[in-house]
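**Student:** There's a structure below that I have some questions on.
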Amino acid sequence: MNLAEIFELSALDYILLALLAVMIYRWFVRRNEPEIEAPKPVQVPALPKQDMTLSELRKYDGVQDEHILFGLNGTIYDVSRGRSFYGPGGPYGTLAGRDATRALGTMDAKAVRDEWDDCADLVLLFCLSQKPDERESADEWESSFKFKYPTVGKVVKDASEKTVYAEGEMSKVQDWVLPGK
């Protein structure tokens, strides 16, 4: 047996050796790199339960106040945990501090209004298609928000319609209700 025959390498052998060298190199390089920590979510204190007019709601846009709130179907949600989506610069940032029912119902983030909007005109636009109507779309958004974000109160047309809540009552995420319990 010839020693040259034992160490003879084919093209496949060279490829496998190169791949092995790259893997070993990357393992050593990564071992010496500092570990990157995931960013910690911003914790904001819970708001007291309260009803708000649209003008009061406007200040909770993530800029004027650290809380990010918006209304949906008359309910105010604290979406501060979702700052990357609903905060300044986020894809839904235009909804912050406003009633977002129309925008989420029509799937148009620019459809928010600064004045009172009862959204009575959200109707079945696609009656012959398989797409849900605008009201159904807003209701589906609301059902997902109920269990994901704390409710703060209700959006009211004027201050005389506000409900007085118990002292110290805080906003909270709605509890899951299991069927049959």
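**Student:** Residues to consider are 78, 61, 13; find the one that is over 30 Å from residue 151 (Cβ atoms) and either assigned by TED's automatic domain parsing to the domain that holds residue 111 or at pLDDT below 90 (or both).
**Tutor:** 13
**Student:** Condition test on residue 44, is it of a type in the set (Val, Ile, Thr), touching a strand residue (DSSP E or B) at 6+ places or on another chain (Cβ under 9 Å), over 30 Å from residue 135 (Cβ atoms) and in contact (Cβ under 8 Å) with a residue 24 or more places away in the chain?
**Tutor:** yes
**Student:** Additional query: Count, please, the residues in the stretch 47-77 that happen to be buried (at least 22 other Cβ atoms within 10 Å of the Cβ), out of contact with any Phe, Trp or Tyr (no Cβ under 6 Å at 6 or more places or on another chain), in a strand (DSSP E or B) and not hydrophobic (A, V, I, L, M, F, W, C).
**Tutor:** Residues in the stretch 47-77 being buried (at least 22 other Cβ atoms within 10 Å of the Cβ), out of contact with any Phe, Trp or Tyr (no Cβ under 6 Å at 6 or more places or on another chain), in a strand (DSSP E or B) and not hydrophobic (A, V, I, L, M, F, W, C): 1 in total.
The values are calculated or read from the model by the stated rules, or taken from the named source; none is laboratory data. Here the structure is a predicted model, which means the values were calculated and not measured. We place every Cβ from the backbone using ideal geometry, glycine too, and count neighbours over all the protein chains shown.
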